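Each reported figure results from applying straightforward, stated rules to the coordinates on display, with no laboratory input. Every value quoted in this text rests on a predicted model; they were computed, and no experiment measured them. Every residue, glycine as well, gets a Cβ built from its backbone with ideal geometry; the counts of neighbours run over all protein chains shown.
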């Protein structure tokens, strides 16, 4: 790994931690340590996303595609989530607009990869409950950037996922009692 990739990995790890806190404050009921912590976490998440885009356009493209997928699947349903998502998408076009235009087919392909596998994931999760344990591994979240990394001959797209997920999963493990997901519970009732 280059020095730039090490910095990228550190920023992505911080991004994953902050993104999970933003999620925990709103969706999972973790009490805010101070008024406005939820909003501040969304702002910090968005800033980290913009830094990722500035450091590595390939990692940024991968993350923007994922954010667009989250918007489509209505997973950025809280104001702090949406703030981060909007900052990341707009930051991508502000700081790397030419790159994103030149790689618009890549952006579309990565986005469609997340979207199509997301629908397949939901189908199996809802129709074959025995598959839930396997699906929790979220292999598709790693496979798409891994394939894109091979295609671009760069570690940056897979770094965008792995280090962000490590940060996210560490916080998730620390706050296990806040793992209840009201969205998933609502799906189970249907």
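So which of 54, 64, 50 ends up being in contact with a helix residue (DSSP H, G or I) (Cβ under 9 Å, 6 or more places away or on another chain), surrounded by fewer than 17 Cβ atoms within 10 Å (Cβ to Cβ), in contact (Cβ under 8 Å) with a residue 12 or more places away in the chain and under 22 Å from residue 98 (Cβ atoms)? Exactly one residue qualifies, and that residue is 54. Candidates 99, 150: the one that is surrounded by fewer than 15 Cβ atoms within 10 Å (Cβ to Cβ) and either within 26 Å of residue 54 (Cβ to Cβ) or more than 15 Å from the chain's Cα centre (by Cα) (or both) is 150.
Quick test of your reading of the structure: residue 111 fulfils all but one of (1) closer than 20 Å to residue 48 by Cβ; (2) touching a residue at least 40 places away in the same chain (Cβ under 8 Å); (3) surrounded by 15 or more Cβ atoms within 10 Å (Cβ to Cβ). Name the failing condition by number. In the conditions (1) closer than 20 Å to residue 48 by Cβ; (2) touching a residue at least 40 places away in the same chain (Cβ under 8 Å); (3) surrounded by 15 or more Cβ atoms within 10 Å (Cβ to Cβ), residue 111 misses (1) alone. Taken as a whole, the condition of being more than 17 Å from residue 165 (Cβ to Cβ) and without any contact (Cβ under 8 Å) to a residue 60 or more places away in the chain does not apply to residue 27. Number of residues in the range 137-178 that are in contact with a helix residue (DSSP H, G or I) (Cβ under 9 Å, 6 or more places away or on another chain) and not in a helix (DSSP H, G or I) equals 4.
Is there a residue in the range 15-28 that is closer than 16 Å to residue 156 by Cα and in contact with a helix residue (DSSP H, G or I) (Cβ under 8 Å, 6 or more places away or on another chain)? Within the range 15-28, one or more residues are closer than 16 Å to residue 156 by Cα and in contact with a helix residue (DSSP H, G or I) (Cβ under 8 Å, 6 or more places away or on another chain). I'm trying to understand the selection: among the residues of the range 80-96, which are more than 14 Å from the chain's Cα centre (by Cα) and either surrounded by fewer than 16 Cβ atoms within 10 Å (Cβ to Cβ) or at positive phi (or both)? 90, 93, 94, listed by residue number. Being within 18 Å of residue 167 (Cβ to Cβ) and either over 14 Å from the mean Cα position of the chain (by Cα) or surrounded by 20 or more Cβ atoms within 10 Å (Cβ to Cβ) (or both) is true of residue 37.
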